[in-house]
Amino acid sequence: MVRRSQSSNPRSVVVLSAGTDWGTRAAGQRRGSGAESSIPRRQPARIKALQRTIEVARTAINGKRWHEARYALSRARALTDALPADLTVQEREQLSALRKKFAARNTPAAKNARQAKQPAPAGRTGGKKPAAKKSTTPKPRPAPVRELGDRVINRAALGYGPTD
């Protein structure tokens, strides 16, 4: 394992370790949530940040990027807590719908819905196979070769000795 450490020397120093300290280093690290990210100071900026975060959470859930969705939902929760409830009614409704969708990602109902969406493969029992379709695009022709004729290289002009 390669780890870079800072020293008083302006050049960086590379420290090689066998990886035996992974357990102690990982114990001090936690999974980041969106709550510790900075919140804008002014109220209109907070509302705009909340709306953007809801969009990020929606696209992450639709794309089944669950870690990104968890981060966005926790950031959205921190932003809604920092805003008055009467200004964020619509956003809170959207967030609750997204939280329900996020919570239902591993339930049997979600798995059944996914299986119902997948079309069943149409199996053929016998008969002819369909003929291969002919390509309608014309094949590119090779470029014509230029005829160079009987050209002789002047070796003396290039600095080589005379040939016998």
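General remarks:
- Meets criteria (exposed (fewer than 13 other Cβ atoms within 10 Å of the Cβ), of a type in the set (D, E, K, R) and assigned to a helix (DSSP H, G or I)) for GLU93: yes
- Qualifying residue in the range 72-79 (condition: open to solvent by 100 Å² or more (accessible area, probe 1.4 Å), modelled with pLDDT of 90 or more, in contact with a Leu (Cβ under 8 Å, 6 or more places away or on another chain) and not aliphatic (A, V, I, L, M)): yes
- Test: residue in the range 59-77 that is within 18 Å of GLN43 (Cβ to Cβ), part of a helix (DSSP H, G or I) and of a type in the set (Ser, Thr, Tyr): no
- Tally, over the range 119-144, of residues that are among the aliphatic types (A, V, I, L, M) and either at pLDDT 70 or above or surrounded by 10 or more Cβ atoms within 10 Å (Cβ to Cβ) (or both): 3
The values are calculated or read from the model by the stated rules, or taken from the named source; none is laboratory data. Being a predicted model, the structure only gives us computed values, none of them experimental. Don't worry about glycine lacking a Cβ; one is built from the backbone with ideal geometry, like all the others, and counts go over all protein chains shown. Accessible surface is based on the protein model in full, side chains and every heavy atom, while ligands, DNA and RNA are left aside. Shrake-Rupley method; radii C 1.70, N 1.55, O 1.52, S 1.80 Å.
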